Amino acid sequence: MDRNDFDQQDPDPCSDEALPATAPGDPVVVSVCVTCKTSDGALAGPAMFDAIQHATAERDAAVQVRRVQCLSVCKRPTTVAVSSSDGYTFLFGDLQPEGAGAVVSFVESYRRSMYGLVPWRERGEILRKGMVARLPPVRWSPEDGSAPK
């Protein structure tokens, strides 16, 4: 898993108005696979999209929720990705609409974290169990491959 020393550090205690210089760029994009189906063939993605969109409706405009046709994690529906231009991309699977609040809480932590690297303990249990991948920011590429400091 991705539980390295950097991942366990406390995030910068910053308000949204004073995000750290290493905060991921706006907008934070939440991509929800709307073609995900359950093992019995029922379409599950649209309900997840609706739940996340509803949970974020009254929140910051710097968060965009979008439908995507496929995130290619078909064995772990429903799948959601959280990304930004200068931050890590997180991919979560095995989500249910009841987990929309955990996704929204994750996005809030993501916006305050260095490079969007949310500490493991700040991720809801459903997201810890549903972790599929964590990809580094595109514009960041240290020689040794370690997490940014």
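Suppose all protein chains stay in the model; what accessible area per residue would a 1.4 Å probe give for region 61-122, in Å²? The partial results should precede the final answer.
Details: 2540 Å² over 62 residues.
Value returned for region 61-122: 41 Å² of accessible area per residue.
In the neighborhood of PHE92, defined by Cβ-to-Cβ distances under 11 Å, what is the net charge if each Lys or Arg adds +1 and each Asp or Glu adds -1? Kindly include the intermediate steps, with their values, before the conclusion.
Working: positive: ARG76, ARG123, ARG128, LYS129, ARG134; negative: ASP94.
Result for the local shell: +4.
For SER85, list long-range residues whose amide hydrogen, built 1.01 Å from N in the peptide plane, is under 5 Å from its own amide hydrogen.
GLY25
Under a Cβ-Cβ cut-off of 14 Å, what is the net charge of the residues other than GLY124 that fall near it, where Lys and Arg count +1 and Asp and Glu count -1? It would help to have the intermediate numbers written out before the result.
Numbers: positive: ARG121, ARG123, ARG128, LYS129; negative: ASP94, GLU98, GLU108, GLU122, GLU125.
Once all neighbours under 14 Å are counted, the net charge is -1.
Ignoring ligands, DNA and RNA, please state the percent of accessible area on region 23-149 from carbon and sulfur, probe 1.4 Å. Walk me through the numbers on the way to the answer.
Values: 3160 of 6270 Å².
Of all accessible area on region 23-149, carbon and sulfur atoms account for 50 percent.
FRET efficiency for ALA61 and GLN96, Cβ-Cβ distance as r, R0 = 35 Å, nearest 0.05?
Working: r = 26 Å, r/R0 = 0.76.
The pair ALA61/GLN96 has a calculated efficiency of 0.85.
How large is the Kirkwood hydrodynamic radius of region 62-108, counting all unique pairs of alpha carbons, in Å?
Across region 62-108, the inverse of the average 1/r is 11.5 Å.
Taking the Cβ of ALA81 as the centre, find all other residues whose Cβ is under 15 Å away and add up their charges (Lys, Arg: +1; Asp, Glu: -1). Numbers along the way, then the final one.
On the way: positive: ARG66, ARG67, ARG76, ARG123, ARG134; negative: ASP94.
Neighbour charge sum, excluding ALA81 itself: +4.
If you build the Cα gyration tensor of region 29-136 and take the root of 5 times each eigenvalue, what three semi-axes come out, in whole angstrom, biggest first?
Semi-axis lengths for region 29-136 are 21, 15, 12 Å.
The values are calculated or read from the model by the stated rules, or taken from the named source; none is laboratory data. Fair warning: this is a prediction, and the values are worked out from it, not measured in the lab. Every residue, glycine as well, gets a Cβ built from its backbone with ideal geometry; the counts of neighbours run over all protein chains shown. In case anyone asks, the SASA skips ligands and DNA or RNA and just uses the protein heavy atoms, side chains included. Shrake-Rupley method; radii C 1.70, N 1.55, O 1.52, S 1.80 Å.
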